[in-house]
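The values are calculated or read from the model by the stated rules, or taken from the named source; none is laboratory data. Everything numeric in this text was worked out from a predicted model, so none of it was measured. FYI the Cβ positions are ideal-geometry reconstructions off the backbone, even for glycines, and counts take in every protein chain you see. For the accessible areas, the whole protein counts, side chains as well, though only heavy atoms, and no ligand, DNA or RNA atoms are used. Shrake-Rupley method; radii C 1.70, N 1.55, O 1.52, S 1.80 Å.
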Amino acid sequence: MPAAIDSGQESGLLVDSFGRVARDLRISITDRCNFRCTYCMPREGMEFVPRSELLSYEEIVRLAHLFVGGLGIESIRLTGGEPTVRRDLHRLISMLAELQTPGGEPIELSLTTNGSSLSRQAELLAQAGLHRVNVSLDSLRADRFAAITRRDALADVLAGIDAAVAAGLHPVKVNAVVVRGENEDEIVDFAHYGRDRGVQVRFIEFMPLDAAGGWSLDKVVPAEEIVSRIAEVFPLEPLEHGAEPASRYRYLDGAGEIGVIPSVTKPFCGDCDRVRLTAEGQFLTCLFAVDDLDLRSPMRRGESDAFLAGIIRQSVGAKWAGHRIGRVDFVRPRRSMSQIGG
Ligand code: SAM
Ligand code: SF4
């Protein structure tokens with residue numbers, strides 16, 4: 001029977017009506033952050049979820065256990081807000097690191113962070129069982145970094161990236177959101193940086209998920225333009241593309257690779273294998289989903305794993321074909337990036 005009409009009930013997988021199978025779960029563990037990146041959060045006035053409404057570590061682990069043990073999830077990425085601002089993150093990591101797929105395989109466990117506390121935490125998190133990190137960095141110039149993040153923390157983030165490499169959180173990926181007129185002149189500098197440090201830089205197209213609502217199509221630097229600017233200096237060849245959002249390119253001289261995430265100009269919705277859980281326990285089948293499924297309330301009123309698995313399957317079954325950024329019928333989700341978990 002083709003996967004497209006397998007409801008997932010028999011296979012234990014999360015299959016949608018287009019035959020896509022969810023394998024990767026992004027869990028936001030907080031909507032709070034110690035930065036205020038212009039493309040994500042407003043300078044002031046962000047309203048945060050009250051702590052009592054956040055999932056506890058034990059609740060997160062219960063759901064993660066269900067997703068991995070009964071619903072086919074093989075990799076978990078923790079994100080936020082800024083996940084490292086939540087207390088004792090290593091405790092959550094060590095609980096999640098014990099999860100195994102029904103076939104007895106460990107899951108792949110990674111973290112997306114702004115890197116500001118990695119120089120203190122990288123070793124501890126690696127020891128707790130974290131496999132990999134993605135660190136966000138949008139400028140290599142201290143004044144511009146401070147203007148974008150509204151925090152003077154470039155040195156901390158650079159030290160954090162080095163600490164992640166030293167702790168063996170390989171491959172360390174550095175995420176740069178490229179915004180027209182703001183940091184596009186640093187694309188080649190980032191390529192130099194990645195080659196020098198042995199980290200994979202991934203350039204992300206600016207998406208309409210900024211809390212300030214300042215996004216417009218002319219601020220998006222297309223992935224194709226990013227690749228050609230780098231290839232003029234360091235020749236590149238494309239690598240095979242899997243389910244991951246990044247299109248990867250290898251330097252022909254063997255000095256590593258880069259990735260570009262063309263969410264706006266070439267959406268990869270057809271290959272999407274991701275689902276998401278917000279910090280307050282809402283399940284989303286897409287970063288741009290306008291509907292969500294509350295898992296916290298049924299969990300707190302004592303519903304069984306079988307009940308939760310049933311409503312999750314139903315929600316995935318109804319997953320849409322994809323978002324429509326840049327089209328007239330695009331509907332912006334009510335949550336911004338830090339509230340969803342990027
Ligand atoms: N605080 C962590 C960080 O910055 O890496 C994790 C959460 S952050 C929301 C996750 C990713 O989303 C980061 O790589 C960030 O650069 C990216 N991001 C945030 N707002 C974005 C936007 N409007 N368009 C594209 N990427 C965005
Ligand atoms: Fe914080 Fe990450 Fe959003 Fe920047 S991108 S404000 S670091 S959540």
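Against the chain, whose longest principal axis comes from its Cα atoms, helix 154-166 is set at around 60 degrees. A crude spin-label estimate for the pair Gln314 and Lys266, with each label 7 Å from Cα along the Cβ direction, gives 3.9 nm. For Lys219, give me every one of the lysines with a C-alpha distance below 18 angstrom, ignoring sequence neighbours fewer than eight places off in its own chain. Straight-distance partners of Lys219: Lys266. Ligands, DNA and RNA left out, the accessible area of the chain computed with a 1.4 Å probe is 50% carbon and sulfur. Would you work out which of Gly254, Val201, Gly69 lies farthest towards the positive end of the dipole of the chain, given +1 charges on the beta-carbon of Lys and Arg and -1 on that of Asp and Glu, about the Cα centre? Toward the positive end, the furthest listed residue is Gly69. Note that the chain presents 43 Å² accessible area per residue, ligands and nucleic acids not counted, probe 1.4 Å.
The DSSP beta bridges internal to the range 125-248 are antiparallel in roughly 10% of cases. Restricting to the chain, what percent of DSSP beta bridges are antiparallel, rounded to 5? If we restrict to bridges inside the chain, about 35 percent are antiparallel.
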